[in-house]
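A short worksheet on the structure shown next.
The values are calculated or read from the model by the stated rules, or taken from the named source; none is laboratory data. All of these numbers come straight from a predicted model, not from anything done at the bench. Here the Cβ positions follow ideal geometry from the backbone for every residue, glycine too, while neighbour counts run over all protein chains shown.
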Amino acid sequence: MGIQSIGVSFQNVGKTRAVGAEQLLKAGARWLAFTDADTVVPPDWLARQLEFDADAVCGTVEVDSWREYGEAVRTQYLALYQFIENHRHIHGANLGLSAEAYQNAGGFKHLMAHEDVQLVADLERIGARIVWKAINPVLTSARRDYKCRGGFGDYLASVMPPNTDKGVEPSIGSDSGLGVG
């Protein structure tokens, strides 16, 4: 079983994730796991999500390198972020859920940002059993040329101390790619 790539020409993360989820559901998937293109998941990531025996798993993220932001941002981020069980972080880069829960919650809304937050709110609304796990983190990029306004890159920029160079403006690509496998 290889990886199938689905190309989309719109710039909407919620719609892109929804297209990928729909392809997986059509193929008979019982569990949907979401991450980002600039994120690396551990080899046992999927198996561990399933072991949690929940309707949905919200995991944590670790940053691969702070080189582009520096020590001040790293220190502030680590002071604010909770690497603990039952945290309340929601990251599209580390999110898994059963196909049934996804469908019952209405799936990803076609939002430009925070589609993951909205989906988790919808899961809570329907009474889904959500676990908040720190023991299955993913490794993500802290690049300054992030693509999604309102996402993790914007969050990192927001914790920069005042009078710090905010760096590169977010870049918006002409199309998005989604790997399904």
Residues of segment 104-143 being of a type in the set (Lys, Arg) and assigned to a loop (DSSP other than H, G, I, E, B), in sequence order, are LYS109, ARG129, ARG143
Check on LEU50, under 13 Å from LEU97 (Cα atoms) and surrounded by fewer than 20 Cβ atoms within 10 Å (Cβ to Cβ): yes
Hits in segment 53-77 (condition: under 11 Å from LEU97 (Cα atoms) and without any contact (Cβ under 8 Å) to a residue 12 or more places away in the chain): ASP53
Condition met for ARG67 (over 13 Å from ASP36 (Cα atoms), of a type outside the set (Phe, Trp, Tyr) and at pLDDT below 95): yes
All but one of (1) surrounded by fewer than 18 Cβ atoms within 10 Å (Cβ to Cβ); (2) under 25 Å from ARG149 (Cβ atoms); (3) not acidic (Asp, Glu) hold for THR16; which doesn't? (1)
Between a first residue in segment 144-155 that is assigned to a loop (DSSP other than H, G, I, E, B) and a second residue that is among the basic types (Lys, Arg), which pairs have beta carbons less than 9 Å apart while being 6 or more apart in sequence or on different chains? ARG144/LYS166
Restrict the check to segment 79-94 and report whether at least one residue is without any contact (Cβ under 8 Å) to a residue 12 or more places away in the chain, in a loop (DSSP other than H, G, I, E, B) and either over 21 Å from TYR146 (Cα atoms) or of a type in the set (Asp, Glu) (or both). no
Which of the following residues is buried (at least 16 other Cβ atoms within 10 Å of the Cβ) and modelled with pLDDT of 95 or more: GLY106, GLY96? GLY96
May I ask you to list the residues in segment 8-47 that are outside any loop (DSSP other than H, G, I, E, B), out of contact with any strand residue (DSSP E or B) (no Cβ under 6 Å at 6 or more places or on another chain) and modelled with pLDDT under 95? VAL13
Sort out which residues of segment 20-42 are among the β-branched types (Val, Ile, Thr) and surrounded by fewer than 18 Cβ atoms within 10 Å (Cβ to Cβ), and write them in order of number. VAL40
Can you tell me which condition VAL73 does not meet? The list is (1) in a strand (DSSP E or B); (2) crowded, with 20+ Cβ neighbours inside 10 Å; (3) of a type in the set (A, V, I, L, M), and all the others hold. (1)
Within segment 132-156, residues modelled with pLDDT of 80 or more, surrounded by fewer than 17 Cβ atoms within 10 Å (Cβ to Cβ) and touching a helix residue (DSSP H, G or I) at 6+ places or on another chain (Cβ under 9 Å) come out as ILE135, TYR155
Residue under question is ALA113, and the condition is that it be more than 21 Å from GLU62 (Cβ to Cβ), in contact with an Asp or Glu (Cβ under 9 Å, 6 or more places away or on another chain) and at pLDDT below 95; does it hold? yes
